[in-house]
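Only one structure is covered here, and it is reproduced in the block below.
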């Protein structure tokens, strides 16, 4: 009886595969459009530690104002422990750009072109989700890694958590293990989680937290950044039309 029950669940999951992915593509098209209307505050707490021990060291805290315009993140008022910096790229150590909208936009585009495979059903913060994955080779990868001024296109696997009910993407995790040896990097992971944000009586699903980590097995070391997005505000232009009496 148990085998029959599990078999029925499996058949139902595969039967809904196309529906879930179709809902994801439709639901998130609106998400990327809505991101253009928001500005928020990003906080990046940076850490380093050993792979063999639990000991960690806090490096610094970076903050910035962040908006998403024409498909690209824009950072302003970048501060490293309250010291003003010209950009994130001027920071030493591990840093990343793109968690707010670029990662979501790239995932949406890749879902349209790459074959996504069902992985499992999962509960994510009380929401029933279906987890899918797809692999992207180096030749078409949009993931750029910069090390000592050199740029590398990384092949990667992406896992996507999709709400079974709404089709909304709730979490994205991207990992790359095939990294050129000269970088001395063993693995890079990049993920973002979305959550509800209420503004002006309306609820939006927007990036809330993320994580970026780099592993150096040769030197028994790792670096990771914990990301948080807060203080969301909408912006836009308002046009007022006034009509006077005809003369």
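The values are calculated or read from the model by the stated rules, or taken from the named source; none is laboratory data. Please read these numbers as outputs of a predicted model, since none were measured by experiment. Methodologically, a virtual Cβ is constructed for each residue, glycine included, from the backbone with ideal geometry; neighbour enumeration extends over all protein chains shown.
I need the full set of residues from the stretch 187-214 which are more than 23 Å from residue 163 (Cβ to Cβ) and either without any contact (Cβ under 8 Å) to a residue 12 or more places away in the chain or buried (at least 18 other Cβ atoms within 10 Å of the Cβ) (or both), in order please. Scanning the stretch 187-214 gives 188, 212, 213, 214.
For residue 185, which of the numbered conditions (1) under 22 Å from residue 93 (Cβ atoms); (2) at pLDDT 95 or above; (3) in a strand (DSSP E or B) fails to hold? Going through (1) under 22 Å from residue 93 (Cβ atoms); (2) at pLDDT 95 or above; (3) in a strand (DSSP E or B) one by one, residue 185 breaks only (3).
Against the criterion of being buried (at least 17 other Cβ atoms within 10 Å of the Cβ), under 22 Å from residue 173 (Cβ atoms) and touching a strand residue (DSSP E or B) at 6+ places or on another chain (Cβ under 8 Å), residue 122 does not qualify. Restricting 159, 223 to those that are surrounded by 14 or more Cβ atoms within 10 Å (Cβ to Cβ), touching a strand residue (DSSP E or B) at 6+ places or on another chain (Cβ under 7 Å), farther than 26 Å from residue 35 by Cβ and modelled with pLDDT of 95 or more reduces the list to 223. The residue pairs whose first member lies in the stretch 168-182 and is free of Cβ contacts under 8 Å to residues at least 12 places away in the same chain, whose second member is surrounded by 15 or more Cβ atoms within 10 Å (Cβ to Cβ) and part of a loop (DSSP other than H, G, I, E, B), and whose beta carbons are closer than 8 Å, counting only pairs six or more residues apart or on different chains, are 177/186.
Of the conditions (1) within 14 Å of the chain's Cα centre (by Cα); (2) modelled with pLDDT of 95 or more; (3) buried (at least 18 other Cβ atoms within 10 Å of the Cβ), residue 176 fails just one. Which one is it? Every listed condition holds for residue 176 apart from (1).
Taking residue 86 as the residue in question, decide whether it is within 28 Å of residue 45 (Cβ to Cβ) and crowded, with 18+ Cβ neighbours inside 10 Å.
Answer is no for this residue.
Counting only residues that are in a strand (DSSP E or B) and surrounded by 16 or more Cβ atoms within 10 Å (Cβ to Cβ), how many does the stretch 20-42 have? Show your work before the answer.
Within the stretch 20-42, the first condition is being in a strand (DSSP E or B), and the residues that meet it are 38-42.
If we keep only those that are surrounded by 16 or more Cβ atoms within 10 Å (Cβ to Cβ) as well, we get 38-40, 42.
Within the stretch 20-42, residues that are in a strand (DSSP E or B) and surrounded by 16 or more Cβ atoms within 10 Å (Cβ to Cβ) number 4.
Given the criteria more than 28 Å from residue 41 (Cα to Cα) and touching a residue at least 60 places away in the same chain (Cβ under 8 Å), does residue 228 qualify? So residue 228 does not fit the description; no.
Residues in the stretch 35-51 that are under 16 Å from the mean Cα position of the chain (by Cα) and over 19 Å from residue 97 (Cα atoms): none.
Every listed requirement among (1) surrounded by fewer than 11 Cβ atoms within 10 Å (Cβ to Cβ); (2) closer than 13 Å to residue 174 by Cα is met by residue 139 save one, (2).
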